[in-house]
1. Taking 0.36 nm per intervening residue step and subtracting the Cα-Cα distance, what contour gain separates Arg61 from Met147 on full extension?
2. Have a look at Asp63, Asp142, Asp110 and tell me which one the Gaussian network model of the chain (Cα, springs below 10 Å) gives the largest fluctuation.
3. Could you give each residue of the stretch 94-108 its phi-based ³J(HN,Hα) in whole Hz, using Karplus coefficients 6.51, -1.76, 1.60 with θ = phi - 60°, and x for Gly or Pro?
4. Using the Karplus curve 6.51 cos²θ - 1.76 cosθ + 1.60 with θ = phi - 60°, what ³J(HN,Hα) values do you get for each residue of the stretch 127-136, in whole Hz, with x for Gly and Pro?
5. Going by amide H atoms built from the backbone, whose H comes under 5 Å of the H on Ile131, apart from near neighbours?
6. At 25 °C and 0.890 mPa s, what whole-number value in µm²/s does Stokes-Einstein give for the translational diffusion of the stretch 134-196, with Rh from the Kirkwood sum over Cα pairs?
7. Considering every pair of different Cα atoms, what Kirkwood radius, in Å, is found for the stretch 1-95?
8. Which length gain, in nm to one decimal place, applies between Asn54 and Ile11 when the Cα-Cα distance is subtracted from 0.36 nm times their residue separation?
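Computed from the coordinates by the stated procedures, all read-outs in this text should not be read as laboratory data. Nothing here was measured: the structure is a model prediction, and the numbers come from that model. Positions of Cβ are generated from backbone atoms using ideal geometry, with glycine treated the same way; all protein chains shown enter the neighbour counts.
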Amino acid sequence: EEDSVTFTCIIDSNKEEVYIPTVGKHNIYNAMAAILVGISLGITIDEIKEGLKNYKATKMRLDIVKNNDITIINDAYNASPDSMQAALGILGRYSERKVAILGDMFEMGDMAEYGHRLVGKSCIGNTDVLITIGEISKFISDEAKNMGLGANNIYHFETKEEAIEKIENIINTKDVVLVKASRGMKLEKIVEYLNK
């Protein structure tokens with residue numbers, strides 16, 4: 001399944017298959033940490049596996065929604081360079097045309113340009129089309145272009161309203177679309193538009 005992961009871990013010399021209803025290598029690490037905490041608290045592995053199987057992610061955190069035309073990875077709750085790179089890695093695993101809609105990452109101070117450029121580098125190989133929204137996210141699109149993503153596949157908009165006006169001419173049927181930015185960007189409005 002594209003919206004879940006099953007992994008194997010060894011607990012007390014026993015191989016255990018663990019299912020989590022979310023994606024991303026970072027979530028496997030989170031689950032492994034939860035397993036260790038559970039074991040240290042005396043919870044059985046079966047109880048731990050059942051708990052992980054019933055995990056429910058917070059809304060707008062790698063929330064994968066398939067509508068009739070496209071698959072949307074709604075990760076609009078918040079963003080940092082690490083979480084952007086992780087989300088792009090998930091997008092990159094899809095075989096369909098991949099579109100990343102990325103907005104500004106706030107609260108980065110002097111590291112803002114560096115962090116956004118780092119994300120731009122991570123776009124290479126993980127997205128076919130890049131749409132950036134906001135003032136600082138221009139560094140993402142600039143760096144992606146510098147790294148070889150074709151200029152005809154890069155779009156930058158100052159506001160989400162501008163992006164919404166143009167987005168239907170960019171996104172195609174069957175695309176997989178990642179939407180991610182800092183909370184203050186409120187890019188869930190893009191997701192709402194895409195779900196219409």
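1. 28.2 nm
2. Highest fluctuation of the listed residues: Asp110.
3. Residue by residue, the stretch 94-108 yields 6, 8, 6, 4, 10, 10, 9, 10, 10, x, 4, 9, 8, 6, 10 Hz.
4. 9, 9, 10, 10, 10, 10, 9, x, 6, 6
5. Ala100, Ile101, Leu102, Tyr155
6. Rounded, D is 192 µm²/s.
7. Details: mean 1/r = 0.0688 Å⁻¹.
Here the Kirkwood hydrodynamic radius works out to 14.5 Å.
8. Stretched out fully, the Asn54 to Ile11 stretch lengthens by 13.4 nm.
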